[in-house]
Structures are given as structure tokens and as C-alpha cells.
1. Which residue pairs have Cβ atoms under 7 Å apart, sit 6 or more places apart or on different chains, and have a first residue in segment 120-133 that is more than 14 Å from Asp50 (Cα to Cα) and in the same structural domain as Thr174 (by TED's automatic domain parsing) and a second that is buried (at least 21 other Cβ atoms within 10 Å of the Cβ) and of a type outside the set (A, V, I, L, M)?
2. Here is a list: Val246, Val209. Which entry is within 20 Å of Val133 (Cβ to Cβ) and in a helix (DSSP H, G or I)?
3. Only one of Gly231, Gly225, Gly219, Gly214 is within 30 Å of Gln286 (Cα to Cα) and outside any helix (DSSP H, G or I). Can you tell me which?
4. Please enumerate the residues belonging to segment 66-89 that are part of a helix (DSSP H, G or I) and under 15 Å from Ala223 (Cβ atoms).
5. Can you tell which of Pro275, Pro197 is of a type outside the set (A, V, I, L, M, F, W, C), out of contact with any Leu (no Cβ under 7 Å at 6 or more places or on another chain), within 24 Å of Val133 (Cβ to Cβ) and surrounded by fewer than 22 Cβ atoms within 10 Å (Cβ to Cβ)?
Amino acid sequence: MNHISVMLEPALEYLAIRPDGIYVDATFGAGGHTRGMLQRISGGRVIALDADPGAAERAAQIAHPQLTFVNANFRELSRVLSNLNVPSVDGVLFDLGVSSMQVDEAQRGFSFSKSAPLDMRMNPYEGRSAYDVLATASETELADIFFHFGEERAARRIARAVVDRRNSGRLPETTTEFAQMVAGIVHRPGHRERVHPATRVFQALRIAVNDELGALKEGLDAAAGALHEAGRIVAISFHSLEDRIVKQTFRDDERLQVLTKKPIGPDETEIGENPRARSAKLRAAQRKAS
């Protein structure tokens, strides 16, 4: 599956790119947004970050003299800019969530369409895997993860089932086994589900494994602090938990002025070409004058 950058043109328009500006793509992914930035600068610079080590190879293929790639989570933005001796930037873009490349790599464990180890780490060399979380977290901790990060109403029942399976030595080790276990608990007989019953639980585990919401809060704060006067942050989110954090940060951070009173969504043409874009919400904010 070819990766299609979500809301590419609106994101670049809201960044208001200047040819000599310095811009950060905080989530490089397949590089679509980065390429768009590079096409709009002449004397400027693009700094791209990605926590996934595999992104370095994709960035190398662009081979652009004004591109700097750093293998880092965007929560490390302040450190990255300091190491590069970049005191401030003109814009930062966040394209949140998991990329299609990560989903398509079955062994990463982000999807249950194919059997794979329960991993889900953006950086597979750091932190606890999804299996580690299932194997060590308490029933209360698991229920909180499933409820708060997945908005799963059956969170307590699923958490109890995980602990029961764990205690009997039957804890699922693969994505498909875990998805089947969850479906057996959540599915209502005779009721046709619009999405797979395990979708919300997989989302919750992925968010917990990568501390995605904590990283987002830190990344947005660092981005606001790094902006020149009139510099902009653009964030594209794919579920309500991310969007809520972006909305609240843009509204409450006294350094920022909100540019999008309501989130911008993809048009019907983009949704037709890329169904993944359907849930995307774009918000933008600008650094106020000091």
C-alpha cells in the first residue's frame, strides 16, 4: 500500500511557508509533508523527526541538501533544536498517530489483520512492548488503559480476562490471538459491528505503550516555545483524545493565537482517494507577538 499524506495542501497552507524559513516536520513518516515543505523553500531549511528508526532510510532517499533528519520522538524537540544550534523556527507540523507503513509491517504488531508479536512500539528498540504491558500491568491499570485511551465500555471485563489468562499461563502472544480474545468478550451476538470489536483496545494499548498523549503535550509545548513571532503550529489528529489535547493546548497556551476556531476536515475528494483521511482533524495556531 502506497502512503498518502493526509491533508497535505491544507497543512502547508496553514504553515504559511516562507522560502527562507526554518520548518519542522515532527512526524516524518513516509516524508510526504516534508517533501511538500522542501518544494516551498529556497534558502530555508526543513528539520524532520521520527521515533521510528526505519524512517532514517526513507529520509535518506530524499537526499535534499536543505533537509536534516533526526531519529527522535517529537517530545525531544527542544533538545534536537538545541543540538542543531537552531534557536527558533517558523513552523512545526504534527501528523499524529501510526503511519500506514507501520501498520503494513505486520511484525510491528500495530494491526490484527495478520498474526504478529504484540509489540506496537514506535521505536522497537526502546520501552515495553504491548505484550509486556499485558503481562505485567494490574487489572486496574489495564482497565484504565482500555477505558481512558480506547474509550472501551467493556474495559473492566477485558482487563479481568487478561489477568485470568495470564494467571493460567494462556496470555495471548500474537495480535490475532489477542484480537480474538477481545472480540469474544465484546461482540454482541446478532449485532453487526461497523469496526472490529478489538479496534479500540488496540488503539488504547498502542497509546499506552508509546505514551502518545504525554509525548503530544510535551511536543506541543516545545513547539510553541520554539516558534518565532508569527510562527505557526499545525496539528493533524485522528481521534478525539489527540484532538482534545491539541484544542486545549492551542486555547490555553498564552503564547498562541488560535487560527482554526473549528477543526478543518478533509474534502470528499481526498476521502475518496484515501479513506484513512476520513477521521482527520486539522488545527492551527500562531505565536503571538511578545
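1. Pairs that qualify, where the first residue is more than 14 Å from Asp50 (Cα to Cα) and in the same structural domain as Thr174 (by TED's automatic domain parsing) and the partner is buried (at least 21 other Cβ atoms within 10 Å of the Cβ) and of a type outside the set (A, V, I, L, M), are Met120/Gly109; Met120/Phe110; Met120/Arg206; Gly127/Arg121; Ser129/Arg121; Ala130/Gly109.
2. Matching residue, one of Val246, Val209: Val209.
3. From the options Gly231, Gly225, Gly219, Gly214, the qualifying one is Gly231.
4. Phe74, Arg75, Glu76, Leu77, Ser78, Arg79, Val80, Leu81, Ser82
5. Checking each option against the conditions leaves just Pro197.
The values are calculated or read from the model by the stated rules, or taken from the named source; none is laboratory data. Fair warning: this is a prediction, and the values are worked out from it, not measured in the lab. Note: ideal-geometry Cβ built from the backbone for every residue, glycine included; neighbour counts use all protein chains shown.
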